Amino acid sequence: MPDRPLPHAALLGSALLATAFAAGAAPSSPPAVQEAPLRAHLAFLADDLLEGRGTGQRGGELTVRYLETQAAAIGLKPAAGNSYRQKVALVGQKTQVGASSLRFEAGGKTIEAAFGTGAVYGNGNGQPDTRLDAPIVFVGYGIASAEDGWNDFQGVAVKGKLLVAMVNDPQPTAAEPNRFGGKSLTWYGRWTYKFEEAQRQGAAGILLIHTTASSSYPWSVPANSFSHEQFHLAGPGNALQGWISEDMARTLFSAAGQDLDTLRARAEVKGFRPVELKASVHAQLKSTVRQVTEYNVAGIVPGTDPKLREEAVIYSAHWDHLGIDEPSGPTSGKPDHIWNGAIDNGSGTAALLAMAQAAVAHPARRTQIFLWPCAEEQGLLGALAYTRAPLWPLAKTAADLNLDSMNFVGPTRDIGVPGAERSSLIDTSREVAKQMGLALAPSVPDLGGAYFRADHFMFAKAGVPAFNVGSAVFSGDGSFAFAHDAAASNQRMHDFTKDYHQVSDQYDPAWDLSGMVQQAQFTLNLGYAVANAPAMPRWRAGEAWGKVKR
């Protein structure tokens, strides 16, 4: 693809969007996102001083204090009464590995599941001592979906039993090419859904069979997550929840007289019934449990229209990462035990600060809310808590535009808007991209279920049109549409996969942040288009989230 000049960040939205003018917005230049404050915020947020911005840790406290201080300095108005903070009550649980055990009994054999290699697990019930002795049931994908006519729990009572389930959802067939989203992963394929469904079914617990293909990430991701403290919102939960490796699953199923691959194939067919394994689980969990108050941070740019100011556009980016390990943690003995999370998600956190700085002097017709949710790495908990107790009525929330793990390589010729096609936001996105000299990145199947893995999904689940805005998105040929030195730029972006959820996700002063500024500018311009439009965005006909009453 031949190079062509990209607009300078200050000119990315050189005239107010046509949609805003058509709505009668007062003409003015759109605010320009500046690189200098974005870079400064990113460098600080990813510094060792903030200790990886861990939930319930000192680094998290420092981050919240920094964000509220910066929000006040920028000129944002407090969103929670006189405060920028919204309390989120969490329960923290960390499995005491040395004092805990998980074993299976099958075919006269005892199979020990070593923590970290054979299995990773914890509980969601907030109990320091949990003992579980239960029969095991294979429940296929562990899905109960009335709209899809699918029920992996039919015909077998699973209450009080340990469920073993596959990640992902039933794959498309020649007869049903679009079932469960076709090649794209749906909400039913996500591990969070399966944990929730196990609880709804009254199961004693659930273990998910890990494969890199089905989960879209290697074993190291759940292994690292469960080696840290796990959090959940206060309330009931599973006594045992976690993952087992594929090798462990094969060993267990074989000892129980079953072939894992055969059962997997059966689970692809509608009408599948759970298979009770001739096996049982025996687990002893010792957990360190504590009550934690964490905080979402939110500030407001009030709208200018006497009527439309009662409606709001939200820009969101989670501030948390995985924090710092204790001396006995998984990186003990290594030189680095701080999970800095520069890209995930120091980038989005910093970008929102830079966007807010640009926005305060240029109010839109609707109110704009800049929201930094907590505990995203723990299962989108801060965003979930917000939608349960919103600071702005959800019925009057036009959209949530989320930023997470942004482009640090360089400018692109297109912008990714995966999930925008679920609502009229796709039309607004197309117009904004055109005015910025960008194309929308081609739509590709969402194999990893990315739409359900970031904070915007909790807003979508609550009925608010929402998506995660990205610029370095795969185009149809499997490469990124970088504007310069495409091959080398692609390689740098792909290389980040080895840093994802690793201590190596650290800030590099040599990063070219022009692409990050471009991504932030597009998001801000899109927000202004929504904020100045005569009507709020609409869900496309048939979208399940559009049927949610908010």
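Computed from the coordinates by the stated procedures, all read-outs in this text should not be read as laboratory data. Computed from a predicted structure; not experimentally measured. As a convention, Cβ positions derive from the backbone with ideal geometry for all residues, glycine included, and neighbour counts pool all protein chains shown.
Run the dipole for the stretch 93-289 about the Cα centre, Lys and Arg Cβ at +1, Asp and Glu Cβ at -1, nothing else charged, and hand back the magnitude in debye, nearest 20.
Values: 18 positive and 18 negative charges, 39 e Å.
Taking the Cα centre of the stretch 93-289 as origin, the dipole is about 180 debye.
Quote the charge dipole size of the chain about the Cα centre in Debye, to the nearest 20; the model charges only the Cβ of Lys and Arg (+1) and of Asp and Glu (-1). Don't skip to the end; give the middle numbers.
Details: 47 positive and 52 negative charges, 318 e Å.
That gives the chain a dipole magnitude of about 1520 debye.
Is the C-alpha gyration tensor of the stretch 84-192 telling us rounded, prolate or oblate? Criteria: a/c under 1.5 is rounded; beyond that, a/b larger than b/c is prolate, otherwise oblate.
In terms of gyration-tensor shape, oblate.
Using Cα positions and a limit of under 19 Å, work out the aspartates and glutamates in reach of K547, with same-chain residues fewer than 8 apart set aside.
Output for K547: E147, D148, D400, E421.
Using per-residue counts of other Cβ atoms within 10 Å, averaged over each peptide, order 299-305, 72-78, 378-384, 395-401 from highest down.
Ranked from most to least packed, the peptides come out as 378-384, 395-401, 299-305, 72-78.
Please compute the net charge surrounding E246, taking Lys and Arg as +1 and Asp and Glu as -1 over other residues with Cβ under 15 Å from its Cβ. Don't jump to the answer; show the numbers that get you there.
Working: positive: R250, R264; negative: D247, D259, D261.
Local net charge: -1.
Using θ = phi - 60° and the Karplus form 6.51 cos²θ - 1.76 cosθ + 1.60, what ³J(HN,Hα) does each residue of the stretch 50-60 get, whole Hz, x for Gly and Pro?
Result, rounded to whole Hz: 8, 6, x, 6, x, 4, x, 10, 4, x, x.
For a quick check: with amide H placed at 1.01 Å from N, whose amide H comes under 5 Å from A80's, ignoring anything fewer than 5 positions away on the same chain?
R85
Could you tell me which of rounded, prolate or oblate describes the stretch 258-359, using a ≥ b ≥ c as the square roots of the eigenvalues of the alpha-carbon gyration tensor, with rounded for a/c under 1.5 and, failing that, prolate when a/b is larger than b/c and oblate otherwise? All intermediate terms of the calculation are to be shown ahead of the outcome.
Details: a/c = 2.76, a/b = 1.55, b/c = 1.78.
Judged from the Cα gyration tensor, the stretch 258-359 comes out oblate (a/c at least 1.5, b/c at or above a/b).
What pairs from K461/K498; K159/K194; K87/K307 go past 23 Å between their alpha carbons?
From the list (K461/K498; K159/K194; K87/K307), the Cα-Cα distance tops 23 Å for K461/K498; K87/K307.
Relative to the first principal axis of the alpha-carbon coordinates of the chain, what is the inclination of helix 425-435, with its axis defined by its Cα atoms, in degrees from 0 to 90 and to the nearest 10?
The angle comes out near 40 degrees.
Mind ranking 538-550, 196-208, 285-297 by how tightly packed they are, going by the mean number of other C-beta atoms within 10 angstrom, highest first? Display every interim value, and only then the final one.
Numbers: 538-550: 13.0, 196-208: 21.5, 285-297: 19.4.
Top of the packing list down: 196-208, 285-297, 538-550.
Could you give the angle, 0 to 90 degrees to the nearest 10, between helix 191-200's Cα long axis and the longest principal axis of the Cα atoms of the chain?
Approximately 60 degrees, to the nearest 10.
Add +1 for every Lys or Arg and -1 for every Asp or Glu among the other residues with Cβ under 14 Å from the Cβ of A383, and state the total. Mind dumping the intermediate values first?
On the way: positive: R388, R453, K461; negative: E294, D320, E376, E377, D400, D404, D455.
Result for the neighbourhood of A383: -4.
Before rounding to the nearest 500, sum -39500 (n - 2.57) across all DSSP H runs of length at least 4 in the chain and divide by the residue total; then give [θ] at 222 nm in deg cm²/dmol.
After summing the helix terms and dividing by residue count, I get -7500 deg cm²/dmol.
Please list 3J(HN,Hα) in residue order for the stretch 263-275, calculated via the Karplus relation 6.51 cos²θ - 1.76 cosθ + 1.60 where θ = phi - 60°; whole Hz, with x for glycine and proline.
5, 4, 5, 5, 6, 7, 9, 4, x, 3, 10, x, 10
With θ set to phi - 60° and the Karplus curve 6.51 cos²θ - 1.76 cosθ + 1.60, what are the ³J(HN,Hα) couplings of the stretch 515-530 in order, to the nearest whole Hz, using x for Gly and Pro?
Values, residue by residue: x, 5, 4, 4, 5, 5, 5, 4, 4, 5, 4, 5, x, 5, 4, 5 Hz.
Using amide H atoms built 1.01 Å from N in the peptide plane, name the residues 5+ places from I415, or on other chains, whose amide H lies under 5 Å from its own.
Those lying under 5 Å, H to H, from I415 are A439, L440, A441.
How many angstrom lie between the C-alpha centres of the stretch 232-290 and the stretch 493-550?
After rounding, the separation between the Cα centres reads 35 Å.
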